[in-house]
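Beneath this line is the structure, given in structure tokens, with notes to follow.
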Ligand code: ZN
């Protein structure tokens, strides 16, 4: 169990696609504990393995709020199998200290993954709540996609990045989400 250094935007691991986990071994359980320790130490809602420099398909989320208490969750080899609706979301990321931006997300998602005990599960989250948005944000990390790639206003986001001394947007990474944006 250890609090790890969270990589910041600009460090290569954040853009690398992560590899599948073949077995939920002790190594993976240690990784899961490190992810939770690091996430809680930084008051984050979610953290993906590449953010601590481990390019494996694992992320953790604790989207519990006063209104909606939830258990901490572990997602290993996740796959979003259904998505619908669109919602505007103001997001931040532990790899982008203090920088927030408006992005577009699906409102409803169904995700399939394996938990920390090696048991597969399917979860459906509706209504664009914090959990629905966090699942998409963290899942993206496993493919080297960052929240700024979903930016609703590139120029505003550029300003925010500049203010916090982070590298600028990579125009080649911006996602074409015209259809999704039209649903907002
Ligand atoms: Zn993030």
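Each reported figure results from applying straightforward, stated rules to the coordinates on display, with no laboratory input. Just so you know, these numbers come straight off a predicted model, no measurement behind them. A quick note on method: Cβ atoms are made from the backbone with ideal geometry, for glycine too, and the neighbour counts reach across all protein chains shown.
Picking from 152, 175, which residue would you name as being in contact (Cβ under 8 Å) with a residue 60 or more places away in the chain and surrounded by fewer than 20 Cβ atoms within 10 Å (Cβ to Cβ)?
Going through 152, 175 in turn, just one is in contact (Cβ under 8 Å) with a residue 60 or more places away in the chain and surrounded by fewer than 20 Cβ atoms within 10 Å (Cβ to Cβ): 152.
Residue 97 satisfies every condition listed in (1) under 26 Å from residue 180 (Cβ atoms); (2) out of contact with any helix residue (DSSP H, G or I) (no Cβ under 9 Å at 6 or more places or on another chain); (3) within 15 Å of the ligand (Cβ to nearest atom) except (1).
Considering only residues in the range 24-47 that are over 17 Å from residue 2 (Cβ atoms) and under 11 Å from the mean Cα position of the chain (by Cα), the one that is surrounded by the most Cβ atoms within 10 Å (Cβ to Cβ) turns out to be 46.
Could we say that residue 64 is under 16 Å from the mean Cα position of the chain (by Cα) and within 27 Å of residue 174 (Cα to Cα) here? Quick ask: steps written out before the conclusion?
Values: under 16 Å from the mean Cα position of the chain (by Cα): yes; within 27 Å of residue 174 (Cα to Cα): no.
No.
Once the range 121-134 is narrowed to residues that are more than 15 Å from residue 74 (Cα to Cα) and part of a helix (DSSP H, G or I), the residue that is nearest to the ligand (Cβ to nearest atom) is 133.
Considering every residue within the range 135-149, establish whether at least one is under 26 Å from residue 32 (Cβ atoms), in contact (Cβ under 8 Å) with a residue 12 or more places away in the chain and away from the ligand (no atom under 16 Å from the Cβ). Within the range 135-149 (the criterion being under 26 Å from residue 32 (Cβ atoms), in contact (Cβ under 8 Å) with a residue 12 or more places away in the chain and away from the ligand (no atom under 16 Å from the Cβ)), the answer is no, since none of the residues qualifies.
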